[in-house]
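A.B. asks: Have a look at this one.
Every number in this text was worked out from the coordinates using simple rules, so none of it is lab data. For clarity, every value in this text was computed on a predicted model and none was experimentally measured. No Cβ is skipped: glycine too gets one built from the backbone with ideal geometry, and neighbour counts run over all protein chains shown.
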Ligand SMILES: Cc1cc2nc3c(=O)[nH]c(=O)nc-3n(C[C@H](O)[C@H](O)[C@H](O)COP(=O)(O)OP(=O)(O)OC[C@H]3O[C@@H](n4cnc5c(N)ncnc54)[C@H](O)[C@@H]3O)c2cc1C
């Protein structure tokens, strides 16, 4: 039994009996072939028990990143356990970029993509949409490459750890670009709801940071992609919000520059800096739900109706967008979505009691959930909302007939194949 081995937020102690840290792919293949129950572990930033197993956790933290940039194919391949932060800095120093990032650069590439991690932007797919190929160690220890020529990639790209241990991920890259972050404070909720689509379309990546119990949206973050030499005038007010210059203040040290100063994508797209602890340092819980874009305003209005119950336990809500994709377990499968995230105070009992109420309030809008954040949906609801669940479990059964990588989380949320 592992002792004191918890996820990043410390709300979960893993039940696994052991943790292995192979240093190369051969060793990884040998371990996976030999052990009866295995589950890949990333950087432990999920809040659910999705990474847990009654068997052995397999961490790739001791495998070198081996970043390889292919300037002809315009891809970068990297060991699955490598952090996005390390990859981003290597790409930037070679003149390349990713299309988007999550809010934190600390997460592993394989772990983040396995749970459909996303950033924001009406035209931006979740991070897994950049996957061109995966090298997966499957249940018998074979190393299998699944790329865009295979109709399995849409299942494995958001694979929930169910197909094996991803040794290497190959991602699409593009030439580097600059981004400017402009922050507007205290826009009235009414104005934001009236102009929601315009606001979300007003920059390459947009985040609203808000409390449903407050009359205003605390901050609107606009991450604008700049052309060479571009640095347009900053508007003093926008969408009813007032421009925020944090350059002279004691701004939180864990957050990337927000005061409209252009910088490389790698230092503007993620909210948090790699050299600090992200968010509330782990003294928090998180949940996230996704609704179709056309239901976005009604969904936010419904949550405002629950403001008095939500606010006492909420640190902040972050509202973003993601473009529709064709990845089977993606919350954006087949539909453009509004992503409604909740960063909660560490009030586990109260948050556990509140989630079913939030889910019932959002039920008319058929929300899907983030796989790595807390939720209480039953497997029947998940099967209704994610139309490819049966295909996913059938394919998983082909890859892993003995259910080596199956775990209680998958049993609870997807059921037996
Ligand atoms: C402060 C904070 C901010 C966050 N911000 C965002 C955000 O902006 N957007 C968003 O969408 N989410 C966000 N998240 C959620 C986070 O991105 C996901 O929980 C993500 O899965 C964490 O990656 P990880 O490397 O920690 O994976 P883990 O939590 O360690 O594992 C997650 C899953 O990935 C699987 N996995 C890990 N490695 C491999 C591998 N090598 N092969 C196969 N499967 C593997 C595991 O088995 C498990 O099923 C945030 C979380 C935190 C704590």
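A.B. asks: In the list 330, 279, which residue meets the criterion of being assigned to a loop (DSSP other than H, G, I, E, B), closer than 20 Å to residue 374 by Cα, within 11 Å of the ligand (Cβ to nearest atom) and in contact with a helix residue (DSSP H, G or I) (Cβ under 7 Å, 6 or more places away or on another chain)?
C.D. replies: Details: 279 fails: in contact with a helix residue (DSSP H, G or I) (Cβ under 7 Å, 6 or more places away or on another chain).
Testing whether each residue is assigned to a loop (DSSP other than H, G, I, E, B), closer than 20 Å to residue 374 by Cα, within 11 Å of the ligand (Cβ to nearest atom) and in contact with a helix residue (DSSP H, G or I) (Cβ under 7 Å, 6 or more places away or on another chain) leaves just 330.
A.B. asks: When you scan segment 247-255, do you find a residue that is within 16 Å of the ligand (Cβ to nearest atom), assigned to a strand (DSSP E or B) and either in contact (Cβ under 8 Å) with a residue 12 or more places away in the chain or out of contact with any strand residue (DSSP E or B) (no Cβ under 9 Å at 6 or more places or on another chain) (or both), even just one?
C.D. replies: Step one: filter segment 247-255 for residues within 16 Å of the ligand (Cβ to nearest atom), giving 252-255.
In the following step, the residues that additionally are assigned to a strand (DSSP E or B) were identified as 255.
Filter once more, so that each one left must be either in contact (Cβ under 8 Å) with a residue 12 or more places away in the chain or out of contact with any strand residue (DSSP E or B) (no Cβ under 9 Å at 6 or more places or on another chain) (or both): 255.
Yes; the residues of segment 247-255 include at least one that is within 16 Å of the ligand (Cβ to nearest atom), assigned to a strand (DSSP E or B) and either in contact (Cβ under 8 Å) with a residue 12 or more places away in the chain or out of contact with any strand residue (DSSP E or B) (no Cβ under 9 Å at 6 or more places or on another chain) (or both).
A.B. asks: Which of (1) surrounded by 17 or more Cβ atoms within 10 Å (Cβ to Cβ); (2) touching a strand residue (DSSP E or B) at 6+ places or on another chain (Cβ under 8 Å); (3) closer than 27 Å to residue 4 by Cα does residue 48 not meet, given it meets every other one?
C.D. replies: It is condition (2) that residue 48 fails.
A.B. asks: Quick check on my filter: what residues within segment 198-224 are surrounded by fewer than 22 Cβ atoms within 10 Å (Cβ to Cβ), in contact (Cβ under 8 Å) with a residue 60 or more places away in the chain and either touching a helix residue (DSSP H, G or I) at 6+ places or on another chain (Cβ under 9 Å) or farther than 30 Å from residue 75 by Cα (or both)?
C.D. replies: Answer for segment 198-224, where residues must be surrounded by fewer than 22 Cβ atoms within 10 Å (Cβ to Cβ), in contact (Cβ under 8 Å) with a residue 60 or more places away in the chain and either touching a helix residue (DSSP H, G or I) at 6+ places or on another chain (Cβ under 9 Å) or farther than 30 Å from residue 75 by Cα (or both): 206, 209, 211, 213, 214, 218.
A.B. asks: Looking at 363, 353, 345, which one is farther than 25 Å from residue 138 by Cα and surrounded by 15 or more Cβ atoms within 10 Å (Cβ to Cβ)? Full working, then the answer.
C.D. replies: Numbers: 363 fails: surrounded by 15 or more Cβ atoms within 10 Å (Cβ to Cβ); 353 fails: surrounded by 15 or more Cβ atoms within 10 Å (Cβ to Cβ).
Step by step, each of 363, 353, 345 is checked, and only 345 is farther than 25 Å from residue 138 by Cα and surrounded by 15 or more Cβ atoms within 10 Å (Cβ to Cβ).
A.B. asks: Shifting gears a bit: Quick one: which residue in 304, 268, 292, 320 is in contact (Cβ under 8 Å) with a residue 40 or more places away in the chain, surrounded by fewer than 20 Cβ atoms within 10 Å (Cβ to Cβ) and under 18 Å from the mean Cα position of the chain (by Cα)?
C.D. replies: Numbers: 304 fails: under 18 Å from the mean Cα position of the chain (by Cα); 268 fails: surrounded by fewer than 20 Cβ atoms within 10 Å (Cβ to Cβ); 320 fails: surrounded by fewer than 20 Cβ atoms within 10 Å (Cβ to Cβ).
Exactly one of 304, 268, 292, 320 is in contact (Cβ under 8 Å) with a residue 40 or more places away in the chain, surrounded by fewer than 20 Cβ atoms within 10 Å (Cβ to Cβ) and under 18 Å from the mean Cα position of the chain (by Cα), namely 292.
A.B. asks: Whether any residue in segment 115-124 is touching a strand residue (DSSP E or B) at 6+ places or on another chain (Cβ under 8 Å), more than 15 Å from residue 205 (Cα to Cα) and near the ligand (Cβ under 10 Å from one of its atoms) is what I want to check. Lay out the reasoning, then the answer.
C.D. replies: Taking segment 115-124 as the starting set, the residues that turn out to be touching a strand residue (DSSP E or B) at 6+ places or on another chain (Cβ under 8 Å) are 118-122, 124.
Restricting the remaining residues to those that are more than 15 Å from residue 205 (Cα to Cα) gives none.
The answer is no, given that none of the residues of segment 115-124 is touching a strand residue (DSSP E or B) at 6+ places or on another chain (Cβ under 8 Å), more than 15 Å from residue 205 (Cα to Cα) and near the ligand (Cβ under 10 Å from one of its atoms).
A.B. asks: Kindly establish whether residue 141 is touching a residue at least 24 places away in the same chain (Cβ under 8 Å) and either crowded, with 24+ Cβ neighbours inside 10 Å or more than 27 Å from residue 9 (Cα to Cα) (or both). So that I can check it myself, show each step before the final result.
C.D. replies: Working: touching a residue at least 24 places away in the same chain (Cβ under 8 Å): yes; either crowded, with 24+ Cβ neighbours inside 10 Å or more than 27 Å from residue 9 (Cα to Cα) (or both): yes.
So residue 141 passes the test.
A.B. asks: Among the residues of segment 125-169, which ones are in contact with a helix residue (DSSP H, G or I) (Cβ under 9 Å, 6 or more places away or on another chain), more than 13 Å from the ligand (Cβ to nearest atom) and assigned to a strand (DSSP E or B)?
C.D. replies: 132, 133, 147 - these are the residues of segment 125-169 that are in contact with a helix residue (DSSP H, G or I) (Cβ under 9 Å, 6 or more places away or on another chain), more than 13 Å from the ligand (Cβ to nearest atom) and assigned to a strand (DSSP E or B).
A.B. asks: Still on this structure: Could you list all residues from segment 345-371 that are in contact with a strand residue (DSSP E or B) (Cβ under 8 Å, 6 or more places away or on another chain), within 24 Å of residue 127 (Cα to Cα) and within 16 Å of the ligand (Cβ to nearest atom)?
C.D. replies: 367, 368, 369, 370
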